[in-house]
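One structure is given here, and the rest of the page talks about it.
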Amino acid sequence: MVKFKAATSGAKASMQRISHYFGLHRENARSSLQEILHQPLASLLTIAVIGIALALPAALSLLVQNGRSVAGSMEDVRDFSVYLQPGMSMDQAEDLAKNLRMRALIAEVRIISAEDALVDFREASGFENAVGALDNNPLPHTLVVRPKITAEAHTLDTLAGELRDNPVVDQVRLDTEWVKRLNAILELFKRSVWIAGVLLIAAVVIVVGNTIRLDIQSRRDEIEVYKLLGASNGFVRRPFLYVGIWYGLIGGCFGLVLLVVSALILAGPIEKLTGLYGGNFVLHGLNIVTMGSVLAGGILAGWGGAWSAVSRHISAIQPQ
C-alpha cells in the first residue's frame, strides 16, 4: 500500500512538473506577443521587412510553376509530326501510334489518315479541281505526337532518330530548339528561386537577430536581476525565442497577404494576355503547401534569428 501511494505521488509530481513546464511556455508566448503589440510601430516595420523577404521567393516559385503551366497549355507548339512511307496501311500507322503511346515521355498520339489529310488540303489550298484530277492520293498517313512538357530536348532527339530508322517512316519533323530555350529559362528561374530564398531567409534571420539583440541590451538590468535570483540561461532565453517565433509567424502571414494580393492584381492582365494566344490561364501553386511553407519558413527563420542573438548575448551578461 505504501509503495502504491509512493508511485501515485511520484506520478502526480511528474504531471505537475510537466504542467508547470508547459505553463511557463504558455506564459512566455503570451507575454512575448504582448511585448510585440506594445511597440506597434517598431514591430510593424520588422514584420513588414520579414513579410516582403518571405513573399519574394514564394512569388518567384509561383512564377516558375505557372510558367510551366502556360507552356503546357500551348500544346500545339510542342507537337511534332511523323510522316509514314507512301502506301503504308492504316494498321501499320496504328501499330506505330500504339508503340509511341507506351513511352513515358509521350502525352498523346493522334493519327491523321491520308484521306483526311487530302480533304484538309483540298479545303485549305483552294485547288479542288487539281486535287480531284489526281488518280492516287499522294499524301501519307501522319502521326501527330505530343510530348510531355517535362520531356528533355535530347530525349526527343533520340526518339526522332529511332523513328527515322523505322522502315515505315518517311520523315520526322521535330523542332527541339523551343524545348531547349524553355528548359533553360525555367532552370534559370528555378535556381534563382533557390538563391533568392536562401539570401532572403538569411536576411530574415539577420533582421530578427538584430531586433532581439537590441531588446536584450534594453533589458540588460532585468536579465542581471534574474540571474542574481538564480535563473538559468535557458529560463532567460525562452521569452526572446518566442519573440522571434512571433515575428516569423506574423511576418509570414503578412507575406501571404502580399502574395495573394499580388496574384489577384496580376491574374486579370495575365489571363487576357494568354487569351490572345489561345490559352487559358489558371493560377497554380497558391495552395496549402505554399502557404504552409511560407509560414514554416518564417517561424524557423524567426527562431533561428532569435537563437543566434540570445546564444551570444545572454551568456555574456553576468550579474556584477
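The values are calculated or read from the model by the stated rules, or taken from the named source; none is laboratory data. Note that the coordinates shown come from a computational prediction; the quantities given were computed from them, not determined experimentally. Glycine gets a Cβ as well: all are built from the backbone with ideal geometry, and neighbour counts include every protein chain shown.
Within segment 133-142, is even one residue under 39 Å from the mean Cα position of the chain (by Cα), modelled with pLDDT of 70 or more, assigned by TED's automatic domain parsing to the domain that holds V168 and in a strand (DSSP E or B)?
So far as segment 133-142 goes, yes, one or more of its residues are under 39 Å from the mean Cα position of the chain (by Cα), modelled with pLDDT of 70 or more, assigned by TED's automatic domain parsing to the domain that holds V168 and in a strand (DSSP E or B).
Just the residues that are in contact (Cβ under 8 Å) with a residue 60 or more places away in the chain and of a type in the set (A, V, I, L, M), please, taken from segment 230-256.
V236, L241, V243, I245, I250, L256, listed by residue number.
Would you pick out the residues in segment 223-248 that are at pLDDT 85 or above and β-branched (V, I, T)?
Answer for segment 223-248, where residues must be at pLDDT 85 or above and β-branched (V, I, T): V243, I245.
Filter segment 155-169 down to the residues that are assigned to a helix (DSSP H, G or I) and touching a residue at least 12 places away in the same chain (Cβ under 8 Å), then identify the one that is surrounded by the fewest Cβ atoms within 10 Å (Cβ to Cβ). Give the steps one after another, and end with the answer.
Filtering segment 155-169 for residues assigned to a helix (DSSP H, G or I) gives 155-165.
Cutting the leftovers down to touching a residue at least 12 places away in the same chain (Cβ under 8 Å) gives us 155-157, 159-160, 163.
Details: T155: 16, L156: 21, D157: 13, L159: 21, A160: 18, L163: 19.
The selected residue is D157.
Right, A160: touching a Ser or Thr at 6+ places or on another chain (Cβ under 9 Å), farther than 26 Å from V64 by Cβ and at pLDDT below 80 or not?
When the stated conditions are applied, A160 does not pass them.
Being part of a helix (DSSP H, G or I) and either basic (K, R) or surrounded by 14 or more Cβ atoms within 10 Å (Cβ to Cβ) (or both) is the filter here, so list the residues in segment 207-223 that pass it.
V207, V208, G209, N210, T211, I212, R213, D215, I216, R220, I223, listed by residue number.
Quick check: is even one residue across segment 16-26 at pLDDT below 80, touching a helix residue (DSSP H, G or I) at 6+ places or on another chain (Cβ under 8 Å) and either surrounded by 16 or more Cβ atoms within 10 Å (Cβ to Cβ) or under 28 Å from G305 (Cα atoms) (or both)?
Yes: one or more hits.
Which of (1) at pLDDT 85 or above; (2) part of a helix (DSSP H, G or I) does R103 not meet, given it meets every other one?
With (1) at pLDDT 85 or above; (2) part of a helix (DSSP H, G or I) applied to R103, the lone miss is (2).
Any chance you could count how many residues in segment 212-267 are small (G, A, S) and over 28 Å from the mean Cα position of the chain (by Cα)?
Let us first name the residues in segment 212-267 that are small (G, A, S), namely 218, 230-232, 234, 244, 248, 251-252, 255, 262-263, 267.
Filter again for over 28 Å from the mean Cα position of the chain (by Cα), leaving 218, 230-232, 234.
Count: 5.
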